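Note sheet for the following structure.
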Amino acid sequence: MMQLQEKKPKEKCENLGEERGELNSGCKKSGRKKATPKTPGYDTRIMNHHPRRYVALKVMYFGQRFYGFSLEAQMDPTVESEIFKALETTRLLIGDRKEIQYSRCGRTDKGVSAVGQVIALYLRSKLKEIDAHNKHSGETVPEEQDGQPEGEIDYVRVLNGVLPKDIRIVGWCPVPSGFSARFSCLSREYKYFFWNDNLNLLVMETAGKKLIGEHDFRNFCKMDAVKVHNYRRNVMSFEISPCDMRFEGHQLYAIKIKGSAFLWHQVRCMVAVLFMIGQGLESPEVIDALLDTRTLRKPQYLMAPEIPLVLLSCEFEGLKFSCSSDAGQALHVHLENECRLYHLQAAIFQEALLSHLPLSIGAENKDSSSNGVTRKKASHVPLMSRETEPSYEERRAKLETAKLRA
């Protein structure tokens with residue numbers, strides 16, 4: 001007896017975002033090519049028919065959960081990776097990384113924050129008549145409305161709508177095609193926050209002033225003999241000032257340092273030495289000795305912690321960052337809410353401190369250089385008596401020897 005074949009129900013075709021006319025596997029063939037698997041994101045080359053313009057974006061971020069700013073970091077997440085995810089989500093990118101002429105002003109390290117970082121790149125635009133110099137080439141120039149050119153994409157509002165809460169775009173500015181966020185920068189300014197736990201601020205400021213001017217700062221950085229061959233940098237200003245915050249009788253202060261550019265870990269190394277001076281463990285003259293690279297190699301010492309460091313601002317000639325009033329209001333509300341949240345968290349920690357821990361515990365072992373972190377006291381070894389790191393010349397010789405062996 002012939003068995004009847006059971007008819008299978010037709011599978012429904014689901015729309016997974018393929019281009020029009022491409023069907024999922026399992027659907028009835030239409031004579032067209034099967035869709036190929038897609039990687040996350042989108043192909044920026046398909047956007048080439050859109051107009052674009054070269055812009056600078058001013059970025060703020062809280063660095064505690066990030067493995068630095070740069071995408072080149074071996075760990076994830078980085079600030080840059082999150083920004084590029086947002087740019088892809090909003091379809092603002094046109095072309096690959098080389099085509100968009102991407103540049104960044106500062107490459108902050110793991111845990112470091114910024115309120116004035118600057119990046120530059122080509123983004124999709126609504127204005128069709130933008131020339132290579134980012135100027136309107138039509139008969140009429142669009143008037144500014146609500147803080148930005150009429151009819152243009154509200155870059156700040158669009159990006160902040162998809163970025164994580166610890167990254168925000170605070171403004172944008174059109175820039176000429178020859179602009180570089182790195183090389184067009186005139187100066188960078190950093191702030192380092194710290195609690196005044198019995199530090200001699202007057203002596204610290206006297207020592208800090210010795211850093212002003214053009215010096216060889218190889219003893220105040222993490223040396224990269226592969227990429228960096230000139231360690232001379234110009235520090236323009238240095239100051240220590242109180243902040244509007246106190247905790248258990250201790251005043252919060254900030255060191256503000258401005259320079260044309262900085263070496264890898266330079267600010268944190270300078271701050272570490274200044275803390276030793278503030279504690280009376282070193283004299284201000286140690287700054288002079290460390291700046292004299294003719295007779296001294298860098299002694300081994302720990303850098304200051306990364307969390308209190310903030311990239312405050314990057315200065316450029318003629319750049320005027322702006323955002324729409326709606327985007328500015330939303331940014332203000334967001335930051336206000338984040339401040340309230342952190343104050344609530346601080347109140348919980350304060351409650352735990354008052355309710356459960358005797359105030360005398362660890363008081364005798366509290367070390368002002370740790371800014372509130374309890375550590376076992378260790379005898380201080382003067383910087384000039386410590387083991388030193390290899391010199392630049394020794395590092396280069398080792399690299400050359402490795403090349404020859406290879």
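The values are calculated or read from the model by the stated rules, or taken from the named source; none is laboratory data. Nothing here was measured: the structure is a model prediction, and the numbers come from that model. Note that we place each Cβ from the backbone using ideal geometry, even for glycine, and neighbour counts take in every protein chain shown. Note: areas computed on protein heavy atoms with side chains; ligands, DNA, RNA excluded. Shrake-Rupley method; radii C 1.70, N 1.55, O 1.52, S 1.80 Å.
Going through the range 161-200 one residue at a time, which ones are surrounded by 21 or more Cβ atoms within 10 Å (Cβ to Cβ), assigned to a loop (DSSP other than H, G, I, E, B) and under 14 Å from the mean Cα position of the chain (by Cα)?
Selection gives Ala181 alone.
Looking only at the range 263-279, count how many residues are farther than 16 Å from Pro308 by Cβ and open to solvent by 10 Å² or more (accessible area, probe 1.4 Å).
So the count comes out to 4.
Scan the range 304-350 residue by residue and report those that are in contact (Cβ under 8 Å) with a residue 40 or more places away in the chain and assigned to a loop (DSSP other than H, G, I, E, B).
Ala304, Pro305, Glu306, Ile307, Pro308, Phe316, Glu317, Leu319, Lys320, Phe321, Cys323, Ser324
Restricting attention to the range 201-212, and to residues there that are touching a residue at least 12 places away in the same chain (Cβ under 8 Å) and assigned to a helix (DSSP H, G or I), which single residue is most open to solvent (accessible area, probe 1.4 Å)?
The qualifying residue most open to solvent (accessible area, probe 1.4 Å) is Lys209.
Could you tell me whether Ser283 is open to solvent by 40 Å² or more (accessible area, probe 1.4 Å) and touching a residue at least 24 places away in the same chain (Cβ under 8 Å)?
When the stated conditions are applied, Ser283 does not pass them.
Suppose we keep only residues that are closer than 30 Å to Cys269 by Cα, more than 20 Å from the chain's Cα centre (by Cα) and not basic (Lys, Arg) within the range 297-338. Which one would you say is surrounded by the most Cβ atoms within 10 Å (Cβ to Cβ)?
My answer is Pro299.
Taking the condition acidic (Asp, Glu), touching a Lys or Arg at 6+ places or on another chain (Cβ under 8 Å) and in a helix (DSSP H, G or I), does Asp288 pass?
yes
Scanning the range 213-222 for residues that are closer than 9 Å to Lys298 by Cβ and open to solvent by less than 30 Å² (accessible area, probe 1.4 Å), which turns out nearest to the chain's Cα centre (by Cα)?
Once the filter is applied, the top-ranked residue is Cys221.
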